[in-house]
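The values are calculated or read from the model by the stated rules, or taken from the named source; none is laboratory data. All of these numbers come straight from a predicted model, not from anything done at the bench. Because the Cβ atoms are built from the backbone with ideal geometry, glycine has one as well, and the counts that use them run over all protein chains shown. With ligands, DNA and RNA removed, areas are computed over all heavy atoms of the protein, side chains included. Shrake-Rupley method; radii C 1.70, N 1.55, O 1.52, S 1.80 Å.
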Amino acid sequence: MATSTHKLSAHQVSGPIGYLNGTFAELKDLHVSVLDRGFLYGDGCYEVIPAYSKKPFLLEPHLDRLVKNLAKIRIPLTHSLEEITGIISELLALSTSEFNYIYLQYTRGTYPTREHVFPAVIQPSLFAYAMPFTPPTLETSSRGLKAITAKDIRWDRCDIKSVSLLGNILLRQQSQDLNADETILLRDGYVTEASVSNVFIVKSETILTPPLSYQLLPGITRGLVIELAKEQGILCQETPITEAQLKDADEIWVTSSTKEIMPISTLNGENVGTFPKKPVWERLFKAYQARKNA
Ligand SMILES: Cc1ncc(COP(=O)(O)O)c(C=O)c1O
C-alpha cells in the first residue's frame, strides 16, 4: 500500500511538480534508481491525462486503461484508484497553471540484479507529474498538421501503453526530419495509427477509423470522437483503412489527449482532400469543446 507522505505547499513551488513513491517535489529534485526496471528495460506503462481549469478530463477511462494495461503486463496495482486520484488532485493544486497534463507512470520497480524474468518480490514504482500545457484552439488547430506515412515497425502489442517507446520515437523523428508533425503508420498496406496519436479519415461525409486490435492504442480521445460522431448523427465506421483510402480522403485527423482532434493539412507533401475546408472536423471539434466545457 502506498503512502503519500512528503507534501509540498504551493508557495514552495517554482517549477513543474512531480510525485515519486510517496514524495511530492519539484521534478528536478526527484530521482529514480538506476536499477529501476523502467530505466533498464522500459518495463512499465503510463497515461497522459489532460486537465482543464485544474480538472482532469476523462479521468475514469484513463484510469481504467491504466488498470487494464498493468494487468496485461502483470504489474500489481499498489495504489487504490482513490489514492491515485488524490495524487493527481495534489499535483494539480500545486501547479501554477490552470491547464496541465498529468503524466502517470507505473514501472515494475527496483531490484538488486538485472534479469529479464520478473523478480518474485518487487515493489512497483509510481511516478507522476503535472505539466502546464496550452490546449489547442479553433484557430491553432485549423492550421492543421503536416504528416508523412511510414512503415509501422513496432511490436505486436501496441494496444499496451508501454513506456518502451523506441519504435514510436524513431517513427516520430522521421516526420521531424522532414519538417512534418506526425507520422501515420502503415502495416501491410493498412493504417494502424500514428506515432503519437490515432487516425481518422473522412470520405463522403462518413468518418472511418481503424478497428481496435493489438496493433493500435485504444485512445481515450478516439473513443470520445466515436461517441461524439454518433451524437452528431454522423456515420462513423471502425473499419480497416488502406493506404489508397488514406491518400484519397477528404479529411484526415489525428487524435490524442493533448492534441485533441487535429486535422492534417498535407500528407507526404501533398494537400489533403478538401483542406483547408474540413467541415466534418469543424463539427467534431466544436462538439469536443462543448464536452470539455460541460
Ligand atoms: C501511439 C499512440 N496512439 C494513440 C494515442 C492517443 O491516445 P489518447 O487519446 O488516449 O491520448 C497516443 C497518445 O499518446 C499514442 O501515443
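Some observations on this one:
- If the chain linking Trp155 and Thr113 were pulled fully straight, counting 0.36 nm for each residue of separation and taking away their Cα-Cα distance, it would gain 12.5 nm.
- Extent along principal axes [Cα atoms of the chain; Å; largest to smallest]: 55, 42, 34
- Dividing the mean sequence gap of close Cα pairs (under 8 Å, 6+ apart) by how many residues the chain holds gives a relative contact order of 17 percent.
- Around the amide H of Ile17, modelled in the peptide plane, lie the amide H atoms of Leu27, Ala130, all under 5 Å away and 5 or more residues distant in sequence or on another chain.
- Size descriptors for segment 10-132, from the alpha-carbon set: Rg then Dmax equal 14.6, 44 Å.
- Distance in nm between pseudo-label sites at Lys286 and Thr140 (7 Å out along the Cβ direction from Cα): 2.2
- Value of [θ]222 nm, deg cm²/dmol, for the chain, DSSP H segments ≥ 4, -39500 (n - 2.57) each, nearest 500: -8500 deg cm²/dmol
- Summing Cβ point charges (Lys, Arg +1; Asp, Glu -1) relative to the Cα centre of the chain gives a dipole of roughly 140 debye.
- Principal-axis tilt of helix 59-72 within the chain, Cα atoms, nearest 10 degrees: 70
- Cβ-Cβ FRET estimate between Ser9 and Glu83, R0 fixed at 25 Å, reported to 0.05: 0.80
- Distance between segment 237-294 and segment 115-165 - C-alpha centres, whole angstrom: 20
- The chain: most fluctuating residue of Pro16, Pro135, Pro119 per GNM, C-alpha cutoff 10 Å: Pro119
- Two-site FRET efficiency, Val121 against Tyr214, from Cβ-Cβ distance with R₀ of 35 Å, rounded to 0.05: 0.70
- Rounded to the nearest Hz, the phi-derived 3J(HN,Hα) couplings of segment 226-233 under the Karplus curve 6.51 cos²θ - 1.76 cosθ + 1.60 (θ = phi - 60°) are 4, 5, 5, 4, 4, 4, 7, x, where x marks glycine and proline.
- The dipole here belongs to segment 10-132: it is taken about the Cα centre, uses +1 on the Cβ of Lys and Arg and -1 on the Cβ of Asp and Glu, and is about 320 debye.
- Cα Rg over Rh - segment 138-293, Kirkwood: 0.93
- Accessible area in the full protein assembly, largest first, 1.4 Å probe, for His62, His116: His116, His62
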